[in-house]
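Undergrad: After the structure tokens below, expect a handful of questions from me.
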Amino acid sequence: MGSLSLPSPGEQEEKSTIDQTKLFNLFKAQQNYLNHFFQNLDIFQTLTFTQTLLNCRGTILFTGVGKSGFVAQKISQTLISLGIKSGFLSPVDALHGDIGILASDDLLVLFSKSGNSEELLRLVPCAKAKGAYLISVTSVKPNGLMGLCDLSVHLPLERELCPFDLAPVTSTTIQMVFGDTVAIALMGARNLSKKEYAVNHPAGRIGKSLIFKVKDLMKKKEKLPVCREGDLIMDQLVELTSKGCGCLLVIDDDHHLLGTFTDGDLRRTLKASGERIFKLSVGEMCNRNPRTIGSDAMAVDAMQKMESPPSPVQFLPVVSDDNVLIGIVTLHDLVSAGL
């Protein structure tokens, strides 16, 4: 049975290292190439492109091959997140049935560095037959797509950062910057509100902060740790600890909130009163002026209120306009919800 022979320290290959100066120079070169794009972009051509997308009555479909295809997919997803009807159409799959998604009211935006990709050139006449409006977005001119599409946009490219000027690393960056900037321009032109944006991102923190209200996250009814002001503190220890809120909510017979008594209050009372705590009522030691919030308030506002001076709190009683207790929201509830 053979054994693995390890090279001696002197025989081990030296590890490759990254030269700091060379790395810095690469970033500077990429910056210069991007500046070339910004300085030479035809803004009137870009305005026509953006206005055409804004006026689209159907779906804005994007297509591309290779790295340009990935960029096209990303830009499409950006538009979708802004509530704009969009999608990605694979040029290969389109020729095998997927072109059925294309309608006469649609736009088809073709991303390509060279503008001569065979797959896109083959797709153009088929898309025209469907009656769609075609727009090419390319960086090399002249090219095949420019003469075939209804509108052409040129993205100025000095060269790729790749030492061979081959790997698409600068051209794709330019495509992404162009597409996403146009998307934000469309967002502004459509007067998309923050609330409308949040509706499209319900699982994200932004969406949650703009959608969730206190009533969506509060505990209520039998989950509330309630007591009366005449109840002895020691008789309410189970209620204080079992509901997981860290407090007691002191109410009257009509469920009006009179005050709160926290586990911190319990410790302070025990330290100050000693054995007298067995005779003290909750009403004698509770906070008669607690912070409260309404059920229709935004959950993110509840969190801010909990964290506000003079000292943070871990919960807020939820009350109606006439101070009737209807729930409680805790910091744990808000954090668990992703706020």
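The values are calculated or read from the model by the stated rules, or taken from the named source; none is laboratory data. This structure is a prediction, so every number in the text was calculated from the model and none was measured. Don't worry about glycine lacking a Cβ; one is built from the backbone with ideal geometry, like all the others, and counts go over all protein chains shown. Please note that ligands, DNA and RNA were not included when accessible areas were found on the heavy atoms of the full protein model with its side chains. Shrake-Rupley method; radii C 1.70, N 1.55, O 1.52, S 1.80 Å.
Undergrad: Between 0 and 90 degrees, rounded to the nearest ten: what's the tilt of helix 20-40 against the longest Cα principal axis of the chain?
TA: It is inclined by approximately 70 degrees.
Undergrad: Starting from the Kirkwood Rh over alpha-carbon pairs, what translational D in µm² s⁻¹ does the range 73-159 have by Stokes-Einstein at 4 °C and 1.567 mPa s? Before the final figure, lay out each step's value.
TA: Details: Rh = 13.4 Å.
Calculated translational D: 97 µm²/s.
Undergrad: Relative contact order for the chain: what is it in percent, counting Cα pairs under 8 Å that are at least 6 residues apart?
TA: On the way: 528 pairs, mean separation 43.2, N = 339.
That works out to 13 percent.
Undergrad: Compare 303, 176 by solvent-accessible area with a 1.4 Å probe and give them largest first, with all protein chains kept in place.
TA: Details: 303 25, 176 60 Å².
Output order, biggest surface exposure first: 176, 303.
Undergrad: Based on DSSP, what percent of beta bridges with both residues in the chain are antiparallel, to the nearest 5?
TA: On the way: 15 of 36 bridges.
Roughly 40 percent of the DSSP beta bridges within the chain come out antiparallel.
Undergrad: Volume per residue, Å³, of the convex hull around the alpha-carbon atoms of the range 134-243?
TA: On the way: hull volume 24.0 nm³, N = 110.
Dividing the Cα hull volume of the range 134-243 by its residues yields 218 Å³.
Undergrad: With +1 on each Lys and Arg Cβ and -1 on each Asp and Glu Cβ, and nothing else charged, work out how big the dipole of the chain is about its Cα centre, in Debye to the nearest 20. Present the calculation step by step, with values, prior to reporting the outcome.
TA: On the way: 34 positive and 36 negative charges, 66 e Å.
I would put it at about 320 debye.
Undergrad: Could you rank 288, 267 by how accessible they are, 1.4 Å probe, largest area first?
TA: Details: 288 125, 267 155 Å².
Output order, biggest surface exposure first: 267, 288.
Undergrad: Can you bin the range 277-325 into rounded, prolate or oblate? Criterion: square roots of the alpha carbon gyration tensor eigenvalues sorted a ≥ b ≥ c, rounded for a/c under 1.5, prolate for a/b above b/c, oblate for the rest. Let's see the in-between values first.
TA: Numbers: a/c = 3.25, a/b = 1.61, b/c = 2.02.
It is oblate, given that a/c is not under 1.5 and a/b is not larger than b/c.
Undergrad: Can you give the FRET efficiency for residue 180 and residue 116, using 1/(1 + (r/R0)^6), R0 = 25 Å, r = Cβ-Cβ distance, to the nearest 0.05?
TA: Working: r = 25 Å, r/R0 = 1.00.
For R0 = 25 Å, the calculated efficiency reads 0.50.
Undergrad: Of 199, 65, which has the most accessible area and how do the rest follow, probe 1.4 Å?
TA: Details: 199 90, 65 50 Å².
If we order 199, 65 from most to least accessible, we get 199, 65.
Undergrad: Then there's this: Figure the gain on full extension for residue 54 and residue 130 (residue separation times 0.36 nm, minus the Cα-Cα span) and round it to one decimal in nm. Let's see the in-between values first.
TA: Working: separation 76, 0.36 × 76 = 27.36 nm, distance 2.07 nm.
Roughly 25.3 nm would be gained on extension.
Undergrad: Size of the chain along its principal axes in angstrom, Cα-based, largest extent first?
TA: 92, 70, 49
Undergrad: Tilt of helix 263-273 relative to the longest C-alpha principal axis of the chain, in degrees (0 to 90, nearest 10)?
TA: Once rounded, the angle reads 30 degrees.
Undergrad: At residue 32 and residue 234, where each label point lies 7 Å from the Cα along Cα→Cβ, what is the point-to-point distance in nanometres?
TA: Each label point lies 7 Å from its Cα, and together they span 8.3 nm.
Undergrad: Please compute the contact order of the range 197-329 in relative form: average sequence separation of alpha-carbon pairs under 8 Å and at least six residues apart, divided by the residue count, as a percent. Let's see the in-between values first.
TA: Working: 217 pairs, mean separation 38.7, N = 133.
Result for the range 197-329 is 29 percent.
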